[in-house]
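Here's the structure, in structure tokens; my notes come after.
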Amino acid sequence: MFDDLQTIISQDVSIFPGTLKSNLDPLDQYTPQECFEVLERCHLASAFHFTPSAEEPTILDMYVSLGSLSAGEKQLVALARAVMRRTNIIIMDEATSQIDTRLDDQARRSRSSSCSLINHV
């Protein structure tokens with residue numbers, strides 16, 4: 001049923017006010033362990049400078065909003081969201097253009113055979 005789903009990631013990524021977990025898994029379908037694994041796979045855990053606190057004990061509890069993430073961080077969240085859903089991924093129109101070179105290289109290495117990059121020249 002879900003084998004033919006595709007996720008398109010564009011330059012303009014939507015982030016929803018809430019926790020990082022609620023942005024990765026808005027329907028609350030995955031375990032925290034699965035979310036952590038996707039964070040690692042998409043290099044998000046190392047991209048954020050997260051310090052645990054009483055209000056935010058894990059990186060999944062970190063509050064995000066429209067202005068709290070850079071454009072590149074938003075794009076990595078969108079990539080992680082797509083990886084979490086296990087859909088085919090289409091990255092359109094330089095969707096990684098705002099990710100720094102190091103993170104772009106990591107994202108390219110972490111993509112699977114179900115990920116296509118479409119860039120304009």
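A simple spin-label model places the labels of residue 5 and residue 86 1.0 nm from each other, with each point 7 Å out along Cα-to-Cβ. All distinct Cα pairs of region 1-60 go into the 1/r average, and the inverse of that average, the Kirkwood radius, is 13.3 Å. In this structure, the amide hydrogen of residue 19, modeled 1.01 Å from its nitrogen in the peptide plane, lies closer than 5 angstrom to those of 64, counting only residues at least 5 positions away or on a different chain.
Bear in mind that the values in this text are calculations on the coordinates, not laboratory data. Because the structure is predicted, anything quoted here is derived from the model rather than measured. Please note: Cβ atoms are built from the backbone with ideal geometry, for glycine as well, and neighbour counts cover all protein chains shown.
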